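Before any comments, here is the structure.
Every read-out reported here was derived from the displayed coordinates using simple, explicitly stated rules and does not represent laboratory data. None of these values were measured; they are calculated from a predicted model. Glycine gets a Cβ as well: all are built from the backbone with ideal geometry, and neighbour counts include every protein chain shown.
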Amino acid sequence: MEIASLKLRNFRNHRGLYEEFDSGLNVIIGANGLGKSNIIEAIALLATTKSFRTSDYRNIIEHNREFAAAEGDCDNKKLRIVISKMGRRFQCDQNPIKTSSDFIGLFQAVVFTPEDLSFITSSPRIRRRLIDSELSKVNKKYLRNLSEFNTILKNRNAKFDKQNRNQLHPFYMIYVCDGSVIHIDHLNPKKLLDIFRHLCMGKTMPDRELCEQFNNETKDGKDMSRHSELLYCAVKSIVDINEESAVDSLFSIGGTTSMTDNINGLDDFELVCFLAVK
């Protein structure tokens, strides 16, 4: 896949940039601080919707500007990402793309940085996350299965439950109702388990009618946007989410905050399983 041109606006130190690329090898040279890495970052952003340099997208916006934009002519498609304090917006040929998962795969690129040596030297978890990310770029079904398996969460940060209030730590169980209302929070796992036990009592097989209803509502799992919103609310009920993105951060290539004292958002949790209650 090729990128023919790149247009940046308020993207780090590039207030206005337009570059065209040859179909062969392109080399970007220049003095330190001119923004060479920023160009690579913008190309990677158009391919993955993520920055390989920061998890806070507000850092990409030029100082004292309201937004940043990256637009590329990628494989005869006009791809555009606009970043603001309200989040990210995606477009393909001027048509809005609702979710990052639908945007990923429209253009493919591979970025290798010195930090990627962790693929060899670090834990299997890091290697699994990288493989998951690469497979998600080329297989939409894999991406959906990875990002939409939600509601019971495993916290990687062993320091978070300092007051020993969560009886299931490092696991979290949350009951989220339609309308994004937290019905039972993670501090009441026994109450939630009692409900599950009552619902499943005497049943040994799935309820076919309810399964068909769920498949119809989600288009056989292809449209999990409503459930993704419920996932966001579940995590937000535990911590104050700082990241602009929700579900796509679950399979970010970058490092986690598992070795720090703070939880920054969805990247600090791993989905284990979910149960849809009707």
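Need one word for the range 1-146: rounded, prolate or oblate. Basis is the Cα gyration tensor (sqrt eigenvalues a ≥ b ≥ c); a/c below 1.5 gives rounded, then a/b vs b/c decides.
It comes out rounded by the Cα gyration axes.
Between the range 94-112 and the range 3-36, how far is it from one alpha carbon centroid to the other, in angstrom?
19
Set Lys and Arg Cβ to +1 and Asp and Glu Cβ to -1, take the dipole of the range 3-111 about its Cα centre, and tell me which of 95, 30, 61 lies farthest positive.
Of the listed residues, the answer is 61.
So if each residue of separation counts as 0.36 nm, and I subtract the Cα-Cα distance between residue 119 and residue 98, what length gain in nm does that give?
Working: separation 21, 0.36 × 21 = 7.56 nm, distance 3.14 nm.
Length gained between residue 119 and residue 98: 4.4 nm.
State which entries of 219/278; 78/141; 7/78; 7/50; 50/222 exceed 20 angstrom in Cα-Cα distance in the structure shown.
78/141; 50/222
If you keep only loop residues by DSSP, which chymotrypsin sites (Phe, Trp or Tyr not before Pro) in the range 63-141 have at most 14 other Cβ atoms within 10 Å of their Cβ? The partial results should precede the final answer.
Values: sites: 67, 90, 103, 107, 112, 119; in loops: 107, 112.
Counting only loop positions with at most 14 other Cβ atoms within 10 Å, the chymotrypsin sites (Phe, Trp or Tyr not before Pro) in the range 63-141 are 112.
What is the order of 111, 277, fewest Cβ neighbours within 10 Å to most?
Listing 111, 277 from fewest to most nearby Cβ atoms yields 277, 111.
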